[in-house]
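Each reported figure results from applying straightforward, stated rules to the coordinates on display, with no laboratory input. Keep in mind that what you see is a predicted model, and the values were worked out from it rather than measured. We place every Cβ from the backbone using ideal geometry, glycine too, and count neighbours over all the protein chains shown.
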Amino acid sequence: MRDVVIIGSGCAGLTAAIYAARAELKPLVVRGHEAGGQLSLTTGVENYPGFPKGVQGPELIDLMQQQASVFGAEFKEGDVSRVDLSRRPFTLELGKEQIETRTLIIASGASAKMLGLESERKLLGHGVSTCATCDGFFHRGHEVAVVGGGDTAAEEALFLTRYATKVHLIHRRDQLRASKIMQDRVLSNAKIKPVWNTVVADVLDPAKGEVTGLRLRNVKSGEESVSPLGGLFIGIGHQPNTSLFVGQLDLSSTGYIVTHDGSKTSVAGVFAAGDVQDHVYRQAITAAGSGCMAAIDAERFLEAEH
């Protein structure tokens, strides 16, 4: 029987682990299929306090995990396949193993959204990517495209200019939704070519097993054209990883866990932190802050029971 189990090992989960471990609750962290969360897919993090020269995302995650381990947090690889929050202790299934816990902190984060094209699915990992920092290097000297108009797409496009000869930024509207500073950086970069009022109709060529180009459609005229490109990066936002909790916890219309009074969810003893409940800020520092809140809330909940 565990006092605290934490689902997720990004900024929120690891900060919760540090706080819970220091409170001598011996937390168990289930790392999940995207271990380290979105920061492990990020290179330079320039806005995390305490790193005036910036820090690499995977390094920051590694340091947090080491810190949690020092205080006695335990880590388990794998994905939780089922949870039962209808009674306490809560039960979690991890492969063939069943884990019981008095409190649960959900920090399972969010995953990249896809366009939903058959060709995109077939070519994922073969020229189609959701992570410029992971795969940009493979496109040195190519022309590539990024789809999206928010900060995610802007960041991907800017990062890709290190490697690609040209980055086509494809957006269905005629202006970006990204923050002002990101818009300015994108629009002043000679290597980035905005393609307005346009969607990706198809990715070529699954038969060849690589991206050779995109079929684009202008949303105003309906005209289609083919653009020869060597890679496609999807930057259209994220989906919270909450499928396990449908029907067990209150979720928002977009699938995020609803929290109140800090990190509390609709089930007593279950707490949520990070991008799984935060669709507004979605920063490393806010995820870490909410992880701290969840651990303190869990600790107080357990104390009140004794």
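The table for this structure:
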| item | result |
| --- | --- |
| Projected label distance in nm at CYS134 and LYS113, using a 7 Å step from Cα toward the beta-carbon | 1.9 nm |
| Unpaired by the 4.7 Å Cβ criterion, cysteines found in the chain | CYS11, CYS292 |
| Cα-only Debye scattering, region 1-55: base-10 log of I(q)/I(0) at q = 0.21, 0.24 Å⁻¹ | -0.81, -0.91 |
| Helical contribution to [θ] at 222 nm, DSSP H n ≥ 4, -39,500 (n - 2.57), averaged over the chain, rounded to 500 | -7500 deg cm²/dmol |
| The chain, relative contact order in percent, only Cα pairs under 8 angstrom and at least six apart counted | 21 percent |
| Full-stretch length increase - ALA207, THR165 - with 0.36 nm per residue and alpha-carbon distance subtracted | 12.6 nm |
| Inter-site label distance for TRP196 and ARG173 at 7 Å from Cα along Cβ, in nm | 1.3 nm |
| Label-point separation, GLU303 to SER188 (7 Å along Cα→Cβ), nm | 5.0 nm |
| Stretch gain in nm, segment VAL258-LYS76, where the contour uses 0.36 nm per residue and the Cα spacing is subtracted | 62.9 nm |
| 10 Å-binned pair-distance histogram of region 114-234 (Cα, whole percent) | 15, 50, 32, 3, 0 |
| Pairwise FRET efficiency - ILE285 versus LYS26, Cβ, R0 = 25 Å, nearest 0.05 | 0.40 |
| Cα-derived Rg to Rh of region 1-116, Kirkwood definition | 1.01 |
| Full-extension gain in nm, SER227 to MET1, via 0.36 nm per residue minus C-alpha separation | 75.6 nm |
| Radius of gyration and Dmax over the Cα atoms of the chain, both given in Å | 21.0, 68 |
| Those GluC sites (Glu not before Pro) in region 205-281 that DSSP places in a loop and that have at most 12 other beta carbons within 10 Å | GLU223 |
